[in-house]
Each structure stands twice: as C-alpha cells, then as structure tokens.
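The values are calculated or read from the model by the stated rules, or taken from the named source; none is laboratory data. Predicted model, so just to flag it, every value in this text is computed and none were measured. Here the Cβ is made from the backbone with ideal geometry for all residues, glycine too, and neighbour counts use every protein chain on show.
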Amino acid sequence: MEIINNIDEDNKLKELIEGKRVCLCGPASSNKGTGYGNHIDSYDTVCRINWHLTGKNGWDENLNSDFGKRTDIMFSSVVTVFYSCFFNDIKKRYSDDSIYNCFKDLKYIYFVEPISSIDFQNYLLNEAYKGKSFVCHPDKYSEKMKDIINNFGAINLNLVEQNKFYCNKKYGLKDMINSTSSSGIHTIQAILKHNPKELFITGMNFGNFGKGGTKESMYIHGGETHKKFMEKRKVVNMISTIHTNQFTLKLLKEIFDYYKNIKLDDLIRKNFYK
C-alpha cells in the first residue's frame, strides 16, 4: 500500500521484525478469557501500544494467560510518554514498585508520530495539545527521551493526515474533519513496513468491533490509564469514536485484505473481519 511504502525504514525495527513472527497485542477487554497468553509470548517479537497496562496498579499477573507478559517493542504516541502524569512513572520503570516495571526489559520504543518534524511540533503546540501539561517543549522530546531509553525511533510521516488524504482520495469520504486514525492502526502500518514473516494481531477489537463504547468499557483495566489525562467522566461516559469512524474501519479492512502475512485472532475474524 502506498502509505506504508512511504514510511522510512528503521534499522532497529528491521532487526526485530523483518522475516520474524511478530505479535501485536493490544489492551482490549474482549481478550479476557481467550487463553492467548502463551501463544502471544511464543512469538519472536512481541509488540504493545501506548504503555497500556492490564491492571490498575501495573501488569495483572492473573491475566497473563490472556495477554501474555513479554514486551519487546513499545509503539507509542506523544501523549502517553511526554504528558506529565506519565513521564516520571515510565522513567522509573526499572524500580520494582513502578507500575511500569513490567516494561523494564524493552528492546525498543518507536513513536508512531513524527516527533522530530517541525510541522508536527507546531501542530502539537497550536492545535492538539495546546494548554496541556507536557514535561517539555516539543523540540526537546528527542533529548528528553534519553531519560527513559537511548534506543528509540520515530516515524517520518504524520499518519493521521496521510490516512485521511488516502481515504478521501480512494473512498470519497468527505466528513473526516474531526476523524482520526488510531495509534493501533499506525502501529500495524509501521510493523508491516518492516516485512514480518507473520503478524498476529490480538487484544484489539477496534472499538467493540466497530460498534463503539466508552473507554472504560473497551480497555481491560477500565480505562485507568486514560483517567490520568482525561476527566474521569469522559472515560466513563463519553462514547469513543477514534476507532469507529467510517474511514478507520474501511482502511483497516483494506490493510487486512492486502497483506497476506497478517493473522487475526478468532475474535477479530468472527466479529469484525469475516
């Protein structure tokens, strides 16, 4: 696909992904009871998204049987690292009492947003996160990351805008002004760029399989992570549309059609992509 072809190759992602069996496991509550844990951990490389946890106070060992426990690559957005309420907790993940201690053995962190792009930095300042509490100015993100890990990378494209343009051109979808593709889709695109032998996708239900719902109902830990940077009422009551807008669902299904190395779990195949 054109968008994926335009993503720059990342040497470390290539090392960890190319020709290997890769699992992408998200935080969807629908994975509870699936028993996929050992299967997830059997993959050569296990990827997760946005520092999502399976429990309120960290990784819930009682759910290892459903979500596994390994993480090799963390695919991340800006907000889930540089927002003040997250940064120090992630920085302290080597401490046994850190809620992010489960990610202490990460091999790589990759941003699915172009944190080095001046245009993207200006977008953060003027639009997306204006007035929000971040640990530093966007032009200091790369330097600040050294407090967390030396080994990290970032995508070269603003996939939100690229995906909108592609879908508008291909499907003629006009009502996309307030729509956005998710970090999950961006992660899938970045992994596919680096040619895995197999990409197994689980723990992702794309907004209750396209039906929508509150963040609290969609995530295994009841949206606890989101409560750190959103008003609790929005987590509990606001219907999330980031995973369920029309162009997101069309784009996902096109990706699944195109890439034959993708393997979807039973829940996704039964409820979303039949």
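A single entry from I149, I115 fulfils the requirement of being in a loop (DSSP other than H, G, I, E, B), within 24 Å of H221 (Cβ to Cβ) and out of contact with any Pro (no Cβ under 6 Å at 6 or more places or on another chain): I149. The set of residues in segment 247-265 being out of contact with any strand residue (DSSP E or B) (no Cβ under 9 Å at 6 or more places or on another chain) and surrounded by fewer than 15 Cβ atoms within 10 Å (Cβ to Cβ) consists of K250, K253, D257, Y258, K260. Checking each residue in segment 224-274 for being modelled with pLDDT of 65 or more and of a type in the set (S, T, N, Q) picks out T225, T244, N245, Q246, T248, N261, N271. Candidates are the residues of segment 49-86 that are assigned to a helix (DSSP H, G or I) and within 17 Å of the chain's Cα centre (by Cα); the one that is modelled with the highest pLDDT is F67. Does segment 55-71 contain any residue that is within 19 Å of N151 (Cβ to Cβ) and in contact with a strand residue (DSSP E or B) (Cβ under 9 Å, 6 or more places away or on another chain)? Within segment 55-71 (the criterion being within 19 Å of N151 (Cβ to Cβ) and in contact with a strand residue (DSSP E or B) (Cβ under 9 Å, 6 or more places away or on another chain)), the answer is yes, since at least one residue qualifies. Out of all the residues in segment 1-23, is one or more at pLDDT below 95 and under 15 Å from the mean Cα position of the chain (by Cα)? No, segment 1-23 has no match at all.
Among the residues that make up segment 184-199, is at least one of them part of a strand (DSSP E or B), crowded, with 21+ Cβ neighbours inside 10 Å and at pLDDT 70 or above? There is at least one residue in segment 184-199 that is part of a strand (DSSP E or B), crowded, with 21+ Cβ neighbours inside 10 Å and at pLDDT 70 or above. Figure legend. Inter-residue proximity from segment 157-185: first residues farther than 18 Å from E2 by Cα, second residues at pLDDT 85 or above and in a loop (DSSP other than H, G, I, E, B), beta-carbon distance below 7 Å, spacing 6+ or different chains. Indicated pairs: S183/N50; S183/S77; S183/V112; G184/G26; G184/M204. Go through segment 34-53 and give me each residue that's more than 29 Å from K14 (Cβ to Cβ) and either free of Cβ contacts under 8 Å to residues at least 24 places away in the same chain or not small (G, A, S) (or both). Scanning segment 34-53 gives a single hit, T34.
Any idea which residue in segment 24-36 is surrounded by the fewest Cβ atoms within 10 Å (Cβ to Cβ), counting only those that are closer than 27 Å to F111 by Cβ and at pLDDT 95 or above? Ranking the qualifying residues of segment 24-36, first place goes to Y36.
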